[in-house]
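What follows is a single structure, written as C-alpha cells, with notes after it.
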Amino acid sequence: MTEVSLNNLLVGEIGIVSKFSSNDNSFRQRLMEMGITRGTKISVERFAPLGDPIEISVRGYRLTLRKKEAEHIVVQRKRS
Amino acid sequence: MNTFHPQIIALAGNPNSGKTTLFNALTGMRQKVGNYPGVTVEKKEGKFFLENNEITLLDLPGTYSLTPRSPDEKITADILLGKSEFVDTPQAIVCVVDANNLERNLFLASQIIDLQIPVVVALTMLDNAENSGVEIDAHRLSALLGVPVVEVNALQKFGLEKLKKALLHLHQQKNILRLWKMPEPVEKSCEEIQKVLEQEYRYSSPVAFFESLRLLSSDTFQSNGNETSNGTVKKIVESNYQKLELFEIDRHAVAIESRYAWIQSLCIHVLKVQKTAETISDKLDRIFTHKIFGFVVFFLLMGIMFQSIFAWSNYPMELIDNGVQFLASNIRQSVPSGDFQDLLVNGVLSGVGAVIMFLPQILFLFFFLGILEDSGYMSRAAFIMDKLMSRFGLHGKSFIPLLSSFACAIPGIMSTRTIENTQDRLATILVAPLMSCSARLPVYTLMVAAFVPSVMLFGIISLPAIVIISLYLVGVFFALTLAAVFKKTILKSAASFFIMELPPYRIPSWKTVGMYMWERAMHFLQRAGTIILGVSIILWFLATYPKLEHATPSERLEHSFVGKAGHLIEPIIQPLGFDWKIGIGMMGSLLQREVFVSTMGTIYNIQTSDNNSSLLQKMQNDIDTRTGEKIFTPLVAICLMVYYVLAMQCMSTIAVTRRETNGWKWPLVQFGYMTVLAYSVTFAVHFVGTFFDF
C-alpha cells in the first residue's frame, strides 16, 4: 500500500485517511468534523469539468473540496 | 413529574438536512424574519402550538458542528450554549438528522445531546434514504442515543403530531451519563478543566464540559472571563497541554475522532446500507457535471433565468408602470393641483413605483434560485464554476449573483446569501453593481444612437453593437479585477476553504420555493423599500424647489436644487468632458439610471418621451456658448457611457447593500470605490481621447 495525497487518487480509486499534512488546526478540525478522520474510507467520485475541485464520497455522502485542500489529506491507496 | 412547558424551542441541524422544510411545516405563515444585531446573519422564528400553548420556534442557522467557523455557525453555537446576548437559551431542541447522511448528522446531534437541554431527534429524508438503499432502525437509534427519535416527512405532514407529542413528553433531566468516551488521559484532563471552569466562570456543567473540549483542542489558551480567573484557568489548561503531549495524544483531533468512533459503533446497530447499482443522483450528475453537457445545461439554465429577469419581467413591470400612471392621473383629477398634488404624484407615487418596479425581477430570480437551491443543483453549479471564479479570489457560488446583476444588482446582491463564507460574500456584493444592469441600457442606447455611426464591420456586426458589448465587458473586467484586489486586501481571510456538501438531488417543493420568494419579496419591501421611498421623496423635493413660477420645465429644473447642484459640480466633472446639463442628468440618475434619458428630455424641452429622434438632434446640435464647440462629441458620449458602467448611481443598490450587510460601512466602501474608479477611468479615457484629438 502506498501513501499519497488525496488529490493524486484517480476517479474510482479508494483511499484510507492516514494523516493530515497541514499545520492549520482549524482547517484540519473542519475536515474531521465533516467526517474525514483517520481510518475513514474516501473514494474519488469525479473531478469538476475544469479539473478542480474534486468530488469525494465519505461516510455515505458527497463532499467537494479543492485540490489545494485535498493535498493536505494523506491516504493509503487501496487496490479497488 | 411536572409536565414540561417550554416557551422557546430551537430547531438545529446540518445544512441541507430538511430543517427549513420542517420549520415551514410546523409554523406555516406564522413566521418572522429579522437579523441578529451586529451581524449579517438572518434570524428566523415562528410560532406553533403544543396543546394550547403557543411556542416560539427558533430556526437556527445550519451548522456541521458547535465549534463555529462562520458568523452563522457562531450564532447557533452561542444560542445553544446560552452565550447569546439577544436570545434566551432554548428550553428544548429539535435536532434534525438527515437519514441519508446519518453518521455526519449524528456528529452535531451528539454535541447537542451533550448540552443536556431536552432534545428530540427528527429523522428526515427517509423516502430518499429508502431509494438509495439506506435503512434505519429508529427505535434502536433512540435507545442508543438516549433521546426520543421521531421519523418525519415534513412535506407530507407525516410525523408532525408525533414530534409534538414527543416534545410534550420531554422533561428536564440532570447529569445524564455521557455515552461516548475519549482515551483515559484526555477524560482526566477534561474533568480537571471542567471543574475549574465551573468554579471560576460559574458555567453549568454541560457548558463547562463543552468549553473544556474547546480549550483542549484549540491552539492557544483563549478565554472570556476576568483576569484573575483567566490566570487560574490558563495555568491548568496549559499544564494539561503538556500532559497530553507526554502521552503523545493529538489534542486537536482526539475529541472529534472519539466522537466519530462512537457514532460508527452505534451505526453498526442501526444503519443498514444496501449497495444500489447507481443512484438517480449519480445518473443526473453524469450529465450535470459532464465536461461538455455540464456546461451546456448550466448555460441553458442561466440563459432561461437571465431571460426571465431581463425580458419576461418586462410585462409585469409594464403593468405596474401602467398602474402607477393610472393612479397618477386619478390623483391629478381628484387632488387640486399645486405642491401637494405634485408631491403625491412625483414624489410619493414615483417613489412607490420605483420600489415595486423591482418586485417582478426579484420574484422571478428567487423563483429560479429557490428551485436551483431546493433541487440540489445550486451546489453543482458552484462545483463546475469554482475553478473559474477562484482565479479571481471568488467562490463558485459567486457566479449566479454576478450573472443576475446583469439584469439588476438588487436581486443579485440579495442572492449572495447562498455564499457561506463572509469574505467571499462581501467581495461579491461589492463588485456586483459593476455588471451592467438593465437600467443602464437605455442610457447606452441613447448615446450610441446619437453618436456612434451605424456602420457594419466585416459585414457581420454593427459598430453600435460592438460598443455596447464592449461596455458590458468593461464592467465584467473591472468586477473580476476588483474582486481579486479586495480579496487580497480588505477582505483577506485567514483561510478560505471550499469544502462543500453535494446533497442528493430532490424534486423541489413548491411550498418551499413559494415561501422563499415570499420571504425575499417581503424583506425587500420592508427594509430596502422604505429607504428607496424616502430618498425618492427627498429627490423630488430637490428637483422641485426653489420654485420658479411661469417658466418652462427646463428652466424650472435648472433653477431647482438639483439644477444648482448640476452647475455646482460642473468644475468637478469638466475634466471628464461633461457640462452642467449632464451633471443634472447624473443627479437625476440617483433614483434609477434610466432617468437620465427623461431628465435630458426635460432639459432639452422635449415633452413626450417617444420623441427620441428630436432629442437626439437637439443633443447633437447643442453648442457650448462659451467656446462655440459642440457639447456632445463622440468622445463625450463614450466618456459618459464609461462613467455609467462604473459609477454607483443607484440608491436602491446602496439601500440593499446596507440591508444585506447590516450596516453603513460596506455601502459606503462600495459607493466610494466605485466613484473613484468611475472618475479616474473616465478621466483617463477623456485625457487620452483629447490627446489623440478624437
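The values are calculated or read from the model by the stated rules, or taken from the named source; none is laboratory data. What you see is a predicted model, and the numbers here were worked out from it, not measured in a lab. Cβ sites come from the backbone with ideal geometry, for glycine too, and all protein chains shown count toward neighbours. Remember, those area values only see protein heavy atoms, side chains included, never the ligands or the DNA or RNA. Shrake-Rupley method; radii C 1.70, N 1.55, O 1.52, S 1.80 Å.
Remarks
- Residue tally, condition open to solvent by less than 20 Å² (accessible area, probe 1.4 Å), of a type outside the set (Lys, Arg) and within 18 Å of residue A:25 (Cβ to Cβ), over region B:256-269: 3
- Residues that are in contact with a helix residue (DSSP H, G or I) (Cβ under 7 Å, 6 or more places away or on another chain), assigned to a helix (DSSP H, G or I) and of a type in the set (Ser, Thr, Tyr) within region B:12-53 comprise B:20, B:21, listed in sequence order.
- Members of region B:279-301 found to be of a type outside the set (A, V, I, L, M, F, W, C) and open to solvent by 60 Å² or more (accessible area, probe 1.4 Å), listed by number: B:283, B:286, B:290, B:291
- Among (1) at the interface with another protein chain (Cβ under 7 Å from one of its Cβ atoms); (2) under 26 Å from residue B:255 (Cα atoms); (3) open to solvent by 30 Å² or more (accessible area, probe 1.4 Å), the one test that residue A:37 misses: (3)
- Count of region B:377-394 residues, restricted to those that are hydrophobic (A, V, I, L, M, F, W, C), more than 9 Å from chain A (Cβ to nearest Cβ) and within 19 Å of residue A:68 (Cβ to Cβ), is 3.
- Output for region B:362-376, where each listed residue is open to solvent by 10 Å² or more (accessible area, probe 1.4 Å) and either within 14 Å of chain A (Cβ to nearest Cβ) or touching a helix residue (DSSP H, G or I) at 6+ places or on another chain (Cβ under 9 Å) (or both): B:363, B:364, B:367, B:368, B:371, B:372, B:373, B:374
- Selection count where residues are in a loop (DSSP other than H, G, I, E, B) and within 13 Å of chain A (Cβ to nearest Cβ), scope region B:395-418: 1
- Entry remark, region B:329-358: residues being part of a helix (DSSP H, G or I), open to solvent by 30 Å² or more (accessible area, probe 1.4 Å) and aliphatic (A, V, I, L, M) number 6 in total.
- Residue within region B:372-381 that is closer than 19 Å to residue B:533 by Cβ and not acidic (Asp, Glu) present: no
- Verdict on residue B:413 being touching a residue at least 24 places away in the same chain (Cβ under 8 Å), open to solvent by less than 20 Å² (accessible area, probe 1.4 Å), more than 30 Å from residue B:280 (Cα to Cα) and in contact with a Lys or Arg (Cβ under 7 Å, 6 or more places away or on another chain): no
- The residues of region B:64-78 that are away from chain A (no Cβ under 14 Å) and in contact with a Leu (Cβ under 8 Å, 6 or more places away or on another chain) amount to a single one, B:75.
- For region A:40-80, filtered to residues that are surrounded by 20 or more Cβ atoms within 10 Å (Cβ to Cβ) and part of a helix (DSSP H, G or I), the residue that is farthest from the chain's Cα centre (by Cα) is A:69.
- Options B:522, B:517, B:500: the member that is open to solvent by 20 Å² or more (accessible area, probe 1.4 Å), closer than 30 Å to residue B:129 by Cα and either free of Cβ contacts under 8 Å to residues at least 24 places away in the same chain or not in a loop (DSSP other than H, G, I, E, B) (or both): B:517
- Of the set (1) β-branched (Val, Ile, Thr); (2) over 15 Å from residue B:120 (Cα atoms); (3) in contact with a helix residue (DSSP H, G or I) (Cβ under 6 Å, 6 or more places away or on another chain), all apply to residue B:56 but (3).
- Of all the numbered requirements in (1) in a helix (DSSP H, G or I); (2) surrounded by fewer than 21 Cβ atoms within 10 Å (Cβ to Cβ); (3) modelled with pLDDT under 80, residue B:541 misses one, and that requirement is (3).
Each row is one residue, and each column tells you yes or no for (1) among the hydrophobic types (A, V, I, L, M, F, W, C); (2) in contact with a Leu (Cβ under 6 Å, 6 or more places away or on another chain); (3) within 14 Å of chain A (Cβ to nearest Cβ); (4) not in a helix (DSSP H, G or I).
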| site | (1), (2), (3), (4) |
| --- | --- |
| B:242 | no, no, no, no |
| B:259 | no, no, yes, no |
| B:265 | no, no, yes, no |
| B:275 | no, no, yes, yes |
| B:278 | no, no, yes, yes |
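- Residues satisfying the stated conditions in region B:269-283, i.e. under 21 Å from residue A:52 (Cβ atoms) and in contact with a Phe, Trp or Tyr (Cβ under 8 Å, 6 or more places away or on another chain): none
- Hits in region A:10-34 (condition: free of Cβ contacts under 8 Å to residues at least 60 places away in the same chain and away from chain B (no Cβ under 12 Å)): A:10, A:18, A:21
- Any hit, region B:592-602, residues being in a helix (DSSP H, G or I) and at pLDDT 80 or above: yes
- Subset of region B:549-567 that is open to solvent by 60 Å² or more (accessible area, probe 1.4 Å) and part of a loop (DSSP other than H, G, I, E, B) - its residue that is nearest to residue B:590 (Cα to Cα): B:549
- Pair list, Cβ under 7 Å, 6 or more apart: region B:383-394 residue surrounded by fewer than 21 Cβ atoms within 10 Å (Cβ to Cβ), other residue not polar (S, T, N, Q): B:387/A:48; B:387/A:50; B:387/A:51; B:387/A:52; B:388/A:50; B:392/B:480; B:392/B:483; B:392/B:484
- So residue A:5, is it within 10 Å of the chain's Cα centre (by Cα), more than 13 Å from chain B (Cβ to nearest Cβ) and among the hydroxyl-bearing types (Ser, Thr, Tyr): yes
- Screening residue B:234 on (1) among the basic types (Lys, Arg); (2) open to solvent by 80 Å² or more (accessible area, probe 1.4 Å); (3) in contact (Cβ under 8 Å) with a residue 24 or more places away in the chain shows it passes everything except condition (3).
- Taking residues in region B:175-197 that are farther than 23 Å from residue B:146 by Cα, and partners anywhere that are part of a helix (DSSP H, G or I) and open to solvent by 80 Å² or more (accessible area, probe 1.4 Å), the pairs with Cβ atoms closer than 7 Å and at least 6 places apart or on different chains are B:185/B:243; B:189/B:243.
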